[in-house]
Amino acid sequence: MSSAADTLTETPLGGPTLPQERRLVTSIPGPRSQELLDRKADAVAAGVGHTAPVQAVAAGGGVIVDADGNSLIDLGSGIAVTTIGNAHPKVVAAVQAQVAQFTHTCFMIAPYDSYVSVAEALNRITPGDHAKKSALFNSGAEAVENAVKIARKYTGKQAVVAFDHGYHGRTNLTMALTAKSMPYKSGFGPFASEIYRAPLSYPYRDGLDGGLAAKKAISMIEKQVGADNLAAIIIEPIQGEGGFIVPADGFLPALVEWCRANDVVFIADEIQTGFARTGEMFASDLFGIVPDLITTAKGIAGGLPLAAVTGRSEIMDASHAGGLGGTYGGNPIACAAALAAIDVFENDGMLERAREIEAVLKGRLEDLQAADPRVGDVRGHGAMIAAEFVDPATGEPDAVLTAAVAKASIAQGVIVLTCGTYGNVIRFLPPLSITDDLLHEGMDVVAAALAAS
Ligand code: PLZ
């Protein structure tokens, strides 16, 4: 083990050349990280939290290095963003070239090639071979806001249905669409009107097959909202923040079919599930559905802020000229990064890598489940896998155990994230650039943390 002082002489460069190892040279947080956390407490609004008590100085492959010289295994990808790996060389080169050329003109003022190229790429790689168009934005929440605007304009209707356990963002409209009150909504109302919530298919907890679960949701929508008033339903094909809930087979296709028959726009929020995360380019492909509109962000640009709405041309074109936009939407640096990232997704074996990661993670978690009844459910696809922790006697969610396992794992240099409406899910979202050795070592640490909790 090198000493903290050795590693601190200069800041390491990120990217895949960073030593791919878990290395603890101080306790977590070390003194330099603690110094930053103290400044954060003084300078940054208390509402902005953090999961790992570290000061990140470099990241790449499957690790994040902190200011004390610790190297942590990254099983979170900054919430499913750095899917191709942090500081990916192709993204770094594309960003460096673009930033030297021009940083901003505003696409609405003086358009440029990369925005149009990203739109063309999205129209090509998103599900369905119908005519499509795209519009670019900065964040996932902004994409969701715009998808709802577009669906309302197209249909001339106002109501929007979201689902139990859904997460769509933190802006006013997207808070209304998001299911969970604490921490996302509590005290931040009033919320946008004309938002309704339908029951989700949650096989581990509702025991319903997809057809029955869809019937229940559609009945609620017809009785409580009415198709005549409904502009859109929005759903994550696999709930992210809500607990990596994979709906039963048939649930999503039945919803899509009902939308088609009732002039309702079906919006798939693939902000967390998109771009190879689930072992398909989009999770909609897993379920054989073709959404009318799809929202994307996160993995799209290798860590640069970019988001999009892509969908049927006739829907996307419903807005009057000048009705959609924003100062920064489709920023040229983010677009250059996205073109590089999409090249990696399409040509560098990312779908296969996500499926290999699924085999490793599911194998490890299913072994844990077989040995420990507190692991109630193991689920997910690709590099989006979760374990739900319960009280074995009652099946009740065990958020206390979940938090303890996550905290102990992070203290041992493995960054894991929790999620779930009941706070009882640990989710694994590693970058696809992680090695199998690091994955296994990360899972060894999580298993030890569970055994000790
Ligand atoms: N839709 C499906 O997963 C972002 C939220 C983290 P933004 N999820 C991470 C947090 O606590 O704020 C997300 C998502 C889905 C929309 C969003 C919102 O994307 O880029 O965070 O606005």
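Every number in this text was worked out from the coordinates using simple rules, so none of it is lab data. Just so you know, these numbers come straight off a predicted model, no measurement behind them. So basically every Cβ, Gly included, is an ideal-geometry build from the backbone, and we count neighbours across all protein chains shown.
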field: Among residues of segment 279-311, those that are part of a helix (DSSP H, G or I) and either over 16 Å from Ser139 (Cα atoms) or more than 14 Å from the ligand (Cβ to nearest atom) (or both), counted
entry: 5
task: Give the residue that is farthest from the chain's Cα centre (by Cα), with candidates limited to residues of segment 242-279 that are acidic (Asp, Glu) and crowded, with 24+ Cβ neighbours inside 10 Å.
output: Asp269
- prompt: Would segment 360-382 turn up any residue that is within 20 Å of the chain's Cα centre (by Cα), buried (at least 22 other Cβ atoms within 10 Å of the Cβ) and part of a helix (DSSP H, G or I)?
  reply: yes
message: Being within 7 Å of the ligand (Cβ to nearest atom) and not β-branched (Val, Ile, Thr) is the filter here; which residues of segment 256-273 pass it?
response: Asp269, Gln272
query: Looking only at segment 357-372, which residues are within 18 Å of Asp285 (Cβ to Cβ) and touching a helix residue (DSSP H, G or I) at 6+ places or on another chain (Cβ under 8 Å)?
result: Ile357
Segment 175-195, subset over 23 Å from the mean Cα position of the chain (by Cα) and surrounded by 15 or more Cβ atoms within 10 Å (Cβ to Cβ), residue farthest from Ala159 (Cα to Cα): Ala192
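Going residue by residue through segment 55-75, is there one that turns out to be part of a helix (DSSP H, G or I) and surrounded by 24 or more Cβ atoms within 10 Å (Cβ to Cβ)?
We begin by selecting, within segment 55-75, every residue part of a helix (DSSP H, G or I); these are none.
Looking for residues that are part of a helix (DSSP H, G or I) and surrounded by 24 or more Cβ atoms within 10 Å (Cβ to Cβ), one finds none in segment 55-75, hence no.
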